[in-house]
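**Student:** The structure is given below, and queries will be raised subsequently.
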Amino acid sequence: MRLIFFGYHNIGYVCLKAFIEMCGRFSDDLAAVVTHADDPKENIWFASVRELAFKHHLPVYQPQNPNEPAFVQAMAKLAPDFIFSCYYRHMLKKPLLELPRLGALNLHGSLLPKYRGRVPVNWVLVNGETETGMTLHYMEEKADQGDIVAQHRVSITEDDTAYTLFAKMTVTAEELMYETYPLLRAGRAPRVPQNHTQASYFGGRKPQDGRIDWNKSAREIYNLVRAVTHPYPGAFTTLAGRKLFIWWGRPLAEPAPPGAAPGEVVSRLPGQGLIVATGDGMLLIIQAQWEGEPEFLGPVVASWQEMVGRRLE
């Protein structure tokens, strides 16, 4: 068997590691590794597919556009049996998808057909889901719509952030690849059409999508905070035009005092942080950062008492 691997990020890294081991075991040929050049403007907190490929003396390609005819032609000369895409960020179009003799497959970070599209690890937390997973499916030109080969479920706990959830999904991705590749190469893997009537789709997220709407419930705001806290851009609010990042907090069970407006700082809880009224309930801010200043913990900032009675927007 001859494979072309497209990948990036931690999930791409562990999947490439799995394919390196399995190709050695089965005497298969990992003919090319296709990845991205790192963006200097991005917070690179994850492992490098490129460095892993270099370490194992594999040929590496970093095309700006993998669908350009010259690159497609170069890949065609490799005569692949399979293409695997594991957190590679570009959509692969029909000329590439038609190259492999046995199919082109993608690893997606949700339980398809739910959460098709971009950054599902963030969206499932924003939406308060209690479960997600990894899905290996055949690729079509339309994103995340192809037949499913395998799915592994991943539970979401109350304290999970996008970082901790992504770590769980990374472990699951590696397990799924070890389980399914031997079945695929033997022609024994299942192929189950998706139920498109159950599909949901979510687009990419930008830093400005982290703005807090205090009219939402404390639970919804907490879900946003944990979905975009470190190493992601963060949830934020403003006070008198000054941006305040909320890196961690907790929804409180008790209701806001009568007459408290959403976003109003109700009190400072000594040793814990600030309590803010929301559209439903209250949020305790524990860890925060004024834009351009060092991050701090609410429990140690006595000056927060001055914010009581003011309104975050």
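The values are calculated or read from the model by the stated rules, or taken from the named source; none is laboratory data. All of these numbers come straight from a predicted model, not from anything done at the bench. Cβ: placed from backbone, ideal geometry, glycine included. Neighbour counts: every protein chain shown.
**Student:** With (1) out of contact with any helix residue (DSSP H, G or I) (no Cβ under 9 Å at 6 or more places or on another chain); (2) at negative phi; (3) surrounded by fewer than 18 Cβ atoms within 10 Å (Cβ to Cβ); (4) of a type in the set (A, V, I, L, M, F, W, C) as the list, and Val171 as the residue in question, which single condition is left unmet?
**Tutor:** Going through the list (1) out of contact with any helix residue (DSSP H, G or I) (no Cβ under 9 Å at 6 or more places or on another chain); (2) at negative phi; (3) surrounded by fewer than 18 Cβ atoms within 10 Å (Cβ to Cβ); (4) of a type in the set (A, V, I, L, M, F, W, C), Val171 breaks only (1).
**Student:** With respect to Glu220, is the statement that it is surrounded by fewer than 18 Cβ atoms within 10 Å (Cβ to Cβ) and either out of contact with any strand residue (DSSP E or B) (no Cβ under 9 Å at 6 or more places or on another chain) or not in a strand (DSSP E or B) (or both) true?
**Tutor:** Criteria not met by Glu220.
**Student:** Within the range 147-155, identify whether any single residue is surrounded by 14 or more Cβ atoms within 10 Å (Cβ to Cβ), assigned to a loop (DSSP other than H, G, I, E, B) and in contact with a Phe, Trp or Tyr (Cβ under 7 Å, 6 or more places away or on another chain), and answer yes or no. Give the steps one after another, and end with the answer.
**Tutor:** Of all residues in the range 147-155, those surrounded by 14 or more Cβ atoms within 10 Å (Cβ to Cβ) come to 147-152, 154.
Subsequent filtering for residues that are assigned to a loop (DSSP other than H, G, I, E, B) retains 147.
Retained after the next criterion (residues that are in contact with a Phe, Trp or Tyr (Cβ under 7 Å, 6 or more places away or on another chain)): 147.
There is at least one residue in the range 147-155 that is surrounded by 14 or more Cβ atoms within 10 Å (Cβ to Cβ), assigned to a loop (DSSP other than H, G, I, E, B) and in contact with a Phe, Trp or Tyr (Cβ under 7 Å, 6 or more places away or on another chain).
**Student:** Something else: Please indicate, with yes or no, whether at least one residue in the range 24-44 is small (Gly, Ala, Ser) and closer than 24 Å to Leu165 by Cα. Please lay out each step first, then the result.
**Tutor:** Just the residues of the range 24-44 that are small (Gly, Ala, Ser), to begin with: 24, 27, 31-32, 37.
In the following step, the residues that additionally are closer than 24 Å to Leu165 by Cα were identified as none.
So far as the range 24-44 goes, no, none of its residues is small (Gly, Ala, Ser) and closer than 24 Å to Leu165 by Cα.
**Student:** Among the residues of the range 6-16, is there at least one that is in contact with a helix residue (DSSP H, G or I) (Cβ under 6 Å, 6 or more places away or on another chain), surrounded by fewer than 22 Cβ atoms within 10 Å (Cβ to Cβ), assigned by TED's automatic domain parsing to the domain that holds Met177 and among the small types (Gly, Ala, Ser)?
**Tutor:** Scanning the range 6-16 turns up no residue that is in contact with a helix residue (DSSP H, G or I) (Cβ under 6 Å, 6 or more places away or on another chain), surrounded by fewer than 22 Cβ atoms within 10 Å (Cβ to Cβ), assigned by TED's automatic domain parsing to the domain that holds Met177 and among the small types (Gly, Ala, Ser).
**Student:** Would you pick out the residues in the range 168-183 that are more than 16 Å from Glu131 (Cβ to Cβ) and out of contact with any strand residue (DSSP E or B) (no Cβ under 7 Å at 6 or more places or on another chain)?
**Tutor:** Once the filter is applied, which keeps residues that are more than 16 Å from Glu131 (Cβ to Cβ) and out of contact with any strand residue (DSSP E or B) (no Cβ under 7 Å at 6 or more places or on another chain), the range 168-183 yields Thr170, Glu174, Met177, Tyr178, Tyr181, Pro182, Leu183.
**Student:** Related question: Quick one: in the range 230-257, which of the residues that are of a type in the set (Ser, Thr, Tyr) and within 17 Å of Arg311 (Cβ to Cβ) is modelled with the highest pLDDT? Quick ask: steps written out before the conclusion?
**Tutor:** Initially, the range 230-257 is screened for residues of a type in the set (Ser, Thr, Tyr), giving 232, 237-238.
Cutting the leftovers down to within 17 Å of Arg311 (Cβ to Cβ) gives us 237-238.
Numbers: Thr237: 96, Thr238: 93.
Ranking the qualifying residues of the range 230-257, first place goes to Thr237.
**Student:** Right, next: Output the number of the condition that Gly241 fails; it satisfies all remaining conditions of (1) out of contact with any Phe, Trp or Tyr (no Cβ under 6 Å at 6 or more places or on another chain); (2) in contact (Cβ under 8 Å) with a residue 24 or more places away in the chain; (3) surrounded by fewer than 19 Cβ atoms within 10 Å (Cβ to Cβ).
**Tutor:** Failing condition for Gly241: (2).
**Student:** All but one of (1) in contact with a Ser or Thr (Cβ under 9 Å, 6 or more places away or on another chain); (2) on the phi > 0 side of the Ramachandran plot; (3) not hydroxyl-bearing (Ser, Thr, Tyr) hold for Gly234; state the number of the condition that does not hold.
**Tutor:** That leaves (1) as the condition not met.
**Student:** Another question, if that's okay. Could you grab me the full set of residues in the range 262-310 that are modelled with pLDDT of 85 or more and either exposed (fewer than 12 other Cβ atoms within 10 Å of the Cβ) or not assigned by TED's automatic domain parsing to the domain that holds Asn215 (or both)?
**Tutor:** Glu291, Gly292, Glu293, Pro294
**Student:** Being without any contact (Cβ under 8 Å) to a residue 12 or more places away in the chain and either charged (D, E, K, R) or touching a helix residue (DSSP H, G or I) at 6+ places or on another chain (Cβ under 6 Å) (or both) is the filter here, so list the residues in the range 71-99 that pass it.
**Tutor:** Lys77, Glu98 - these are the residues of the range 71-99 that are without any contact (Cβ under 8 Å) to a residue 12 or more places away in the chain and either charged (D, E, K, R) or touching a helix residue (DSSP H, G or I) at 6+ places or on another chain (Cβ under 6 Å) (or both).
**Student:** Of the residues that make up the range 217-231, is at least one touching a Phe, Trp or Tyr at 6+ places or on another chain (Cβ under 6 Å) and in contact (Cβ under 8 Å) with a residue 40 or more places away in the chain? So that I can check it myself, show each step before the final result.
**Tutor:** Initially, the range 217-231 is screened for residues touching a Phe, Trp or Tyr at 6+ places or on another chain (Cβ under 6 Å), giving 229, 231.
If we keep only those that are in contact (Cβ under 8 Å) with a residue 40 or more places away in the chain too, we end up with 229, 231.
Looking for residues that are touching a Phe, Trp or Tyr at 6+ places or on another chain (Cβ under 6 Å) and in contact (Cβ under 8 Å) with a residue 40 or more places away in the chain, one finds at least one in the range 217-231, hence yes.
**Student:** So how many residues does the range 232-279 have that are part of a loop (DSSP other than H, G, I, E, B) and touching a helix residue (DSSP H, G or I) at 6+ places or on another chain (Cβ under 7 Å)? Give the derivation first.
**Tutor:** Restricting attention to the range 232-279, the residues satisfying the condition of being part of a loop (DSSP other than H, G, I, E, B) are 232-234, 240-241, 253-263, 270-272, 278-279.
Retained after the next criterion (residues that are touching a helix residue (DSSP H, G or I) at 6+ places or on another chain (Cβ under 7 Å)): 232-234, 271-272, 278.
Number satisfying all stated conditions: 6.
**Student:** Still on this structure, please answer the following. Checking Glu140 against (1) surrounded by 13 or more Cβ atoms within 10 Å (Cβ to Cβ); (2) under 21 Å from His230 (Cα atoms); (3) of a type outside the set (Val, Ile, Thr), which single condition isn't satisfied?
**Tutor:** Every listed condition holds for Glu140 apart from (2).
**Student:** When you scan the range 17-59, how many residues do you find that are outside any strand (DSSP E or B), surrounded by 16 or more Cβ atoms within 10 Å (Cβ to Cβ) and modelled with pLDDT of 95 or more? Break it down stepwise before answering.
**Tutor:** Quick first cut of the range 17-59, residues outside any strand (DSSP E or B) only: 17-28, 35-59.
The next check asks that each one be surrounded by 16 or more Cβ atoms within 10 Å (Cβ to Cβ); those that pass are 17-20, 22-23, 28, 35-36, 46-50, 52-53, 58.
Filter once more, keeping what is modelled with pLDDT of 95 or more: 17-20, 22-23, 28, 35, 48-50, 52-53, 58.
Residues that pass the stated criteria total 14.
**Student:** Consider the range 178-219. How many of its residues are of a type in the set (S, T, N, Q) and farther than 30 Å from Val276 by Cα? Give the steps one after another, and end with the answer.
**Tutor:** Residues of the range 178-219 of a type in the set (S, T, N, Q): 180, 194-195, 197-198, 200, 208, 215, 217.
Among the residues that remain, those that are also farther than 30 Å from Val276 by Cα are: 180, 194-195, 197-198, 200.
Residues meeting the conditions: 6.
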